[in-house]
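Chemist: Right, I'll just put the structure down here and ask away after.
All of the numbers you see were taken from the coordinates with simple rules; none came from a lab. From a predicted model like this one, the values you see are computed outputs, not experimental measurements. Here the Cβ positions follow ideal geometry from the backbone for every residue, glycine too, while neighbour counts run over all protein chains shown.
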Amino acid sequence: MKPREKKPEEVYQIVDRKTGISVGSYSRAYCDEYDFESVAQARSANCHGVFKNKDVYAIAKYRVIYELIDGDVDGGAK
């Protein structure tokens, strides 16, 4: 998923089991992608298949929630 795309209700992220940190996969959109639509998409995110190693990488499932905190933080037109 591209960074500016609205996310679905649930996303999957690749996690390094050793560090517990989410790992991005380089995208042809010139960015690292962290959110994927399925476990299969996350595991196959790298053309060399490195994320298919289940001993090194876990796949975490997240629920995406958008919560509006302030609809106009910079005090627009009055």
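Chemist: Calculate log10 I(q)/I(0) of the chain for q = 0.13, 0.23, 0.24, 0.25 Å⁻¹, where I(q) comes from the Debye formula with a single equal point scatterer on each Cα and nothing for solvent.
Modeler: For the chain at q = 0.13, 0.23, 0.24, 0.25 Å⁻¹, log10 I(q)/I(0) is -0.47, -1.07, -1.13, -1.20.
Chemist: Y57's amide H: which non-local residues (gap 5+, or another chain) put their own amide H closer than 5 Å, with H modeled 1.01 Å from N in plane and none for Pro or chain starts?
Modeler: Answer set, sorted by chain and number: R17.
Chemist: With a 10 Å Cβ neighbour count serving as the proxy for reagent exposure, in which order, fewest first, do R63, R43, R28 appear?
Modeler: Details: R63 9, R43 19, R28 6.
Starting with the residue having the fewest Cβ neighbours, the order is R28, R63, R43.
Chemist: Then there's this: Which aspartates and glutamates, if any, have their Cα less than 19 Å from the Cα of K7, not counting same-chain residues under 8 positions apart?
Modeler: Straight-line reach from K7, under 19 Å: D32, E33, D35, E37, E67.
Chemist: Please give the charge dipole size of the chain, origin at the Cα centre, charges +1 on K and R Cβ atoms and -1 on D and E Cβ atoms. Round to the nearest 20 debye. Don't skip to the answer; put the middle values down first.
Modeler: Numbers: 13 positive and 13 negative charges, 84 e Å.
Rounded to the nearest 20 debye, it is 400 debye.
Chemist: Starting from the chain, pick out the GluC sites (Glu not before Pro) whose DSSP state is loop and whose Cβ has at most 16 other Cβ atoms within 10 Å.
Modeler: Counting only loop positions with at most 16 other Cβ atoms within 10 Å, the GluC sites (Glu not before Pro) in the chain are E5, E9, E37, E67.
Chemist: How much net charge surrounds Y57 when only other residues with a Cβ under 11 Å from its Cβ are counted (Lys, Arg +1; Asp, Glu -1)?
Modeler: +3
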